[in-house]
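Below: one structure, written as structure tokens.
Read the figures in this text as sums done on the coordinates, not as results from a lab. Small disclaimer: the values here were computed from a predicted structure and weren't measured. We place every Cβ from the backbone using ideal geometry, glycine too, and count neighbours over all the protein chains shown.
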2 protein chains.
Amino acid sequence: MTDPFVVVGADAAGLSAASKFRREAPDRDVVVFEKGQWISYAYCGMPYFIEGRIERLSDLLSLSPSEVDERGIDLRRGHEVVAVDPDARTVTAETADGDTVTQAYTDLLVATGGRATTGPFDVRGPDGAFTLHSMDTAAAIDAYIASPEAYDPARADVDAVDRERVEYNAALPAPETAAIVGGGYVGVEMAEALSGRGLDVHLFQRSGHLLPPFGEAVGDRVEATIAENGVTVHTNTPVERLVGDGRIEAVAFGGEELPVDMAIVGVGIRPNTELLDGTDVELGDGGALSTDEYGRTSLPDVYAAGDCATATHAVTGTETWVPLGLTANRAGRAVGATVAGEPSPVGEIAGTAVVKAFEMEAGRAGLVEDEAAIDAGFDPVRETVTAGSRSGYYPGAAPTDVTLVADRDTGRLIGGSIAGPDRAAVRINTLATALEADMTVPGVERLDLAYAPPFSPVWDPILVAAKVLNGTLAE
Amino acid sequence: MTDPFVVVGADAAGLSAASKFRREAPDRDVVVFEKGQWISYAYCGMPYFIEGRIERLSDLLSLSPSEVDERGIDLRRGHEVVAVDPDARTVTAETADGDTVTQAYTDLLVATGGRATTGPFDVRGPDGAFTLHSMDTAAAIDAYIASPEAYDPARADVDAVDRERVEYNAALPAPETAAIVGGGYVGVEMAEALSGRGLDVHLFQRSGHLLPPFGEAVGDRVEATIAENGVTVHTNTPVERLVGDGRIEAVAFGGEELPVDMAIVGVGIRPNTELLDGTDVELGDGGALSTDEYGRTSLPDVYAAGDCATATHAVTGTETWVPLGLTANRAGRAVGATVAGEPSPVGEIAGTAVVKAFEMEAGRAGLVEDEAAIDAGFDPVRETVTAGSRSGYYPGAAPTDVTLVADRDTGRLIGGSIAGPDRAAVRINTLATALEADMTVPGVERLDLAYAPPFSPVWDPILVAAKVLNGTLAE
């Protein structure tokens, strides 16, 4: 009997791999170790749960342990893999009870994800200070926001939840003013969520604009929308520390203190790679596990996928660390197929991302910031246009900002962003596809994009941007 | 002094060409002949004017004659070009007063558009029978629908309008029941428009499903939506004739007569090429003027653009006649640049089209129908999936149907369609871009498309369809 395919981590990448593997190789075994109790949950849905748009924590789960079992996957929760021996082809796991298990593998997938970094902030200290990177935190934040008398325990309706933590937070008085530290995805989404729960929200961003990877045009537009919706945005304002012992009392910045009774720290995430610390595995961009086009690490028969792994960038062709949901699912699925005997590339990433901020929709793909473009050896030229989302005479037409970035010498499209309230987000897929196809900006200008008055003007905003950028490139 | 660039037709293609030409060659002259009084109007906006979503007919105009004049374009309305002498390089125009003008040209652009065909139906006969292909008809239909006491003459607020016809129709009693003959774009959009005006609407389609170029999956979905909104859809029902003398009384089909007091015939359009009848110009697909990648016809220095001209299809590489708004604008603009001395390809078409039917949005691109694919030498394989438009847990997620069509031997994507109520239409641009880039279905499956719960599930519906079709292709 051969050893099983072993997977570490039971979220998007890990369970996609295990499921695909079992479908393609039903006679072979797969063991999935998960250090905690949660599996297969939608990280990206947490802000919407906290906002109250989503009624139950269980709505964010896609697969239950019994469904995983039905797929013939040997799922072992409460097993933290603490060591890998690539020569012996074994992993060592510790259980919550302190037991140690050694498991041999034929192939190993490390799908350990990432974790929120907290910078200098002590979010484990005062009550009311949180990062958002687990279902337990989401449940705790939700409970903390509710007044003790109004909290509905049915919201956290999953056995795996840290019930004690939820109850503790539910019992605390409801906060009125929140500081969000960090104006990335989490910050922007949480600003909407906390605002939706009636809090007076302050959003702090260290640099000059929100959502840095989306570029300045989008950041400014999103900032304006958030401000219109009553959130106070503080750009160019690095928060220095959280103030308060028992409960958070304030955030401190530039010699000032703003009194708050809640703080969310969303300053970034980092890949979980400690598992391989004892090996000579190669690390890549962002300290993530370096992988090739099939998701292979530098260790024999050891794969990595998801937020702990790099991927090949469609524009630069180099390994890049962009931890996002589709990348994890897609890479996991491909690794599952490859290990089952059908070599499947994990696919390139274009760094495509979209975000909602109240009524504003924004998207980005490729190399949007000059620095990233220059680092990759391009000479970036950019234009931003504002064009209508529909024919001007059709009700609901809304200004849509499109930024396109090209390489000056070759005219190649290397990145772009979009912001607008009317169906702007999904339009970014056009740019993601053009980037994947290595199109030039003249090529983009000649795309036969859809026109009908309710959905687009004759010249789609992307075509308008391409026309303008081509004019600049021709100068 | 050199002769001018002469343009025939002052709508999308003609004025785009003249405007671009003047910008690029400000020292040279351009003369635009237009047989009627209307210029630069949005054909695609007419149904929404009739529906009442758009308040004034003038809202559908993009350029006024004085704005055209300001661009340095010599616009001559009321001049019908009746002959072209390609050897002498002259055109002959007749004015409404019966005068004849001969004009020499260096280069000539034929941008005469298309006109509604009426099949066997006499729409000039009874009152209440119309086709929709001019601003005058749009105004007349709008006036006819209103009751005489309720009609607001300010709706038709453009000097060029056929005031007599509007007043005549406004004075007729308001219709209650309408038949729409033809279930293409015009039929579907007019069903919504007339329904919105309170009429009892019957939509007749000769074949088995609406919107044939969108394929059966979309046609059926749109039919269901239209029916849910109270329109009676008669598929497989060729209307034989309009019944009535003074005023329309019924439509006749299959031995039956359905009493109506209004009928819209939308059975297709044909290219206006008669102008070149005396020459040996080559005609192509659909009887349109055959053009090359720069919009050149077979006659020296004679270009054609817009609804009267063919264009090169991105998938088949052959000349195809797909009369749509962007194609006209884009080709006109390119011809203007080329004639000004900057050779500019008119671009390929993917046959990208979108349509709104009440809350349903639909799109198509490439070769969707088997017949078209087989005619082009492909062996079509197709899959249709229904996937969510957002994460399942996020409010507003709606079933989105995606059909992808591939060539069996090569796996190349050759067409696709989308239908759904939640932002489905603009998603077709992803497929249009993939088609332009000659992507395979495995390539589409690996696209890095956007994911965020409010906008898309982890696997965009297009990726889901690609996964399924790849499974079929691998069988």
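In nm to one decimal, list the spacings between the B:E257 label point and its equivalents in the other copies, with label points set 7 Å along Cα to Cβ, shortest first.
From this label point to the equivalent ones elsewhere in the assembly: 9.0 nm.
With the crude spin-label approximation of a point 7 Å out along Cα→Cβ, what separation in nm comes out for B:T90 versus B:D200?
My value for the distance between the label points is 6.1 nm.
Considering only the label points, 7 Å along Cα→Cβ from Cα, what distances in nm to one decimal separate A:D301 from the same position in each other copy, shortest first?
7.6
Checking a compactness column here: for region A:250-405, what do you get for Rg(Cα) / (2.2 N^0.38 Å), N being the number of residues? Can you show the working numbers first?
Details: Rg = 20.3 Å, N = 156, 2.2 N^0.38 = 15.0 Å.
Dividing the Cα radius of gyration by 2.2 N^0.38 Å gives 1.36.
Would you be so kind as to identify which of A:A263, B:N470, A:L210 lies farthest towards the positive end of the dipole of the protein assembly as shown, taking Lys and Arg as +1 and Asp and Glu as -1 on Cβ and the Cα centre as origin?
The residue sitting most towards the positive pole is A:A263.
For peptide B:347-355, what's the mean number of Cβ atoms from other chains within 10 Å of each residue's Cβ?
Details: counts 6, 3, 2, 4, 1, 6, 4, 8, 4.
Mean inter-chain Cβ contacts per residue within 10 Å come to 4.
Based on the mean of other beta carbon atoms within 10 Å per residue, what is the order of B:215-221, B:290-296, most packed first?
Packing order, densest peptide first, comes out as B:215-221, B:290-296.
Restricting to Cα pairs below 8 Å that are 6+ residues apart, what does the relative contact order work out to for chain A? Please round to a whole percent.
Values: 1156 pairs, mean separation 64.5, N = 475.
Relative CO of chain A lands at 14 percent.
Treat region A:140-198 as a sphere of radius equal to its Kirkwood radius over Cα pairs and apply Stokes-Einstein at 10 °C in a medium of 1.306 mPa s; give the translational diffusion coefficient in µm²/s, rounded to a whole number.
129
Where the label is 7 Å out from Cα toward Cβ, how close does B:E167 come to the same position in every other copy, in nm, shortest first?
8.4
Between A:D99 and B:E164, what is the label-to-label distance in nm when each label sits 7 Å out along the Cα-to-Cβ direction?
Result for the modelled spin labels: 9.7 nm.
How do B:D127, A:D379 line up, fewest other C-beta atoms within 10 Å first?
Details: B:D127 18, A:D379 13.
Fewest-to-most Cβ neighbours within 10 Å comes out as A:D379, B:D127.
Over the Cα atoms of region A:336-392, compute the convex hull volume and normalise it per residue, giving Å³.
Here the figure is 187 Å³ per residue.
What dipole magnitude, in Debye to the nearest 20, does chain B give about its Cα centre under +1 on Lys/Arg Cβ and -1 on Asp/Glu Cβ? Each step should come with its number before you reach the end.
Values: 35 positive and 75 negative charges, 226 e Å.
Approximately 1080 debye in magnitude.
Considering the Cα positions of chain A, please state its Rg to one decimal place and its Dmax as a whole number of Å.
23.3, 70
What fraction, in whole percent, of alpha-carbon pairs in the protein assembly as shown exceed 38 Å separation?
Numbers: 228682 of 450775 pairs.
I get 51 percent for the Cα pairs in the protein assembly as shown exceeding 38 Å.
Once you compute Rg and the Kirkwood Rh from C-alpha atoms, what is the Rg to Rh ratio for region A:205-288?
Answer for region A:205-288: 1.11.
Counting residues in region A:395-447 as N, plug N into 2.2 N^0.38 Å and put the Cα Rg over that result.
Values: Rg = 12.0 Å, N = 53, 2.2 N^0.38 = 9.9 Å.
Compared with the compact-globule rule of thumb, region A:395-447 sits at 1.21.
Quick check on packing: order B:57-70, A:422-435, B:183-196 by the mean number of other C-beta atoms within 10 Å, highest mean leading.
A:422-435, B:183-196, B:57-70
Limiting things to C-alpha atoms, what are the Rg and the maximum Cα-Cα separation (Dmax) for region A:359-474, in angstroms?
Radius of gyration, then largest Cα-Cα span, for region A:359-474: 13.5, 44 Å.
To check my understanding: the extent here is largest minus smallest coordinate of the Cα atoms along each principal axis. What are those three numbers for region B:129-265, in Å, largest first?
43, 29, 23 Å, listed from the longest principal axis down.
Over the Cα atoms of region A:37-97, compute the convex hull volume and normalise it per residue, giving Å³.
Details: hull volume 7.9 nm³, N = 61.
Hull volume normalised by residue count: 129 Å³.
With a sphere of radius 13 Å drawn around the Cβ of B:L75, what net charge do the other residues whose Cβ falls strictly inside it have (Lys, Arg +1; Asp, Glu -1)?
-2
Provide the three semi-axes, in whole Å and in decreasing order, of the ellipsoid equivalent to region A:1-150 as defined by the square roots of 5 times the Cα gyration tensor eigenvalues. Can you show the working numbers first?
Numbers: eigenvalues 212, 72, 29 Å².
Square roots of five times the eigenvalues give 33, 19, 12 Å.
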